Amino acid sequence: DVKVTQSSRYLVKRTGEKVFLECVQDMDHENMFWYRQDPGLGLRLIYFSYDVKMKEKGDIPEGYSVSREKKERFSLILESASTNQTSMYLCASEPGRSNSPLHFGNGTRLTVT
Amino acid sequence: AQSVTQLGSHVSVSEGALVLLRCNYSSSVPPYLFWYVQYPNQGLQLLLKYTSAATLVKGINGFEAEFKKSETSFHLTKPSAHMSDAAEYFCAVSPSLYGSSNTGKLIFGQGTTLQVKP
């Protein structure tokens, strides 16, 4: 069974801090994604990666960056956290074959004060 | 551009009643469509997906959805609601064209919270 693990379930950070959200998948998936989930807005794609060291911007990349040094790990970085980045962050992966479903982690709820 | 609209942010049904969650999409090419479910404090999991093989798609936990091209709809149904069905449901469309990969770049609807009353 595919497992996508997000390192933190809850995080509280201060405005201006640098924040790292970590995600690890154990199924050798090619593609990994970071989504942000907000009430009434559904999920919005921040960044995705289709290979090690490769990344592409999603729909809302501003204020975020990512790192994928190893195939199994995809990190989301908030260079200088702001209160409008308070949200639920969901990591997902998929093998890169056509129509493969996304496998999601349980999410990290980030609060920026 | 593709988009997804879920009609109704909250739906409430009685246990044993029909569940109907509405999803309409816009797409200039034949879409791939998905329904995901999110139980409290969990990530999303796939309920079912439409990939142009059959218009009526059966998923897990007794759910099914019908693709209607003329109505640009992909509504989710279940004949008899169970208390364990209470969750948030997301409809999503893939912007991938003609079977290409990277289907993870999904466009999600706003979500519908299903409440099941005893």
- Query: Can you list the aspartates and glutamates whose alpha carbon sits under 20 Å from that of residue A:70, skipping same-chain ones fewer than 8 residues off?
  - Reply: A:22, A:26, A:28, A:30, A:51, A:56, A:94
- Bounding extents of the protein assembly as shown in its principal axis frame from Cα atoms, largest first in Å, are 48, 41, 33
- Query: Long-range amide H contacts for residue B:115: which residues qualify at under 5 Å (H placed 1.01 Å from N, peptide plane, sequence gap of 5 or more or a different chain)?
  - Reply: B:11, B:12, B:13
- Gyration tensor (alpha-carbon) shape descriptor, region A:4-113, a/c threshold 1.5: prolate
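Just list whichever of A:55/B:58; B:49/B:117; A:57/B:78 have alpha carbons separated by over 29 Å in the model shown. The partial results should precede the final answer.
Working: A:55/B:58 34 Å; B:49/B:117 27 Å; A:57/B:78 37 Å.
Among A:55/B:58; B:49/B:117; A:57/B:78, the Cα-Cα distance tops 29 Å for A:55/B:58; A:57/B:78.
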- Query: What are the ³J(HN,Hα) values, in whole Hz, obtained from phi via the Karplus relation 6.51 cos²θ - 1.76 cosθ + 1.60 with θ = phi - 60°, for each residue of region B:88-93 in sequence order, with x given for Gly and Pro?
  - Reply: 9, 10, 10, 9, 8, 10
- Message: With the alpha-carbon atoms as the only input, what is the per residue convex hull volume for region A:74-113 in Å³?
- Response: 84
- Message: Between residue B:115 and residue B:56, what's the calculated FRET efficiency when r is the beta-carbon distance and R0 is 25 Å? Round to 0.05.
- Response: 0.45
- Here the FRET efficiency for residue B:12 versus residue B:82, based on Cβ atoms and R0 = 22 Å and rounded to 0.05, is 0.95
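Where a number appears in this text, it was derived from the coordinates with a stated rule and is not lab data. Worth saying up front: this structure is predicted, and the values here are computed from it rather than measured. Cβ atoms come from the backbone with ideal geometry, glycine included; neighbour counts cover every protein chain shown.
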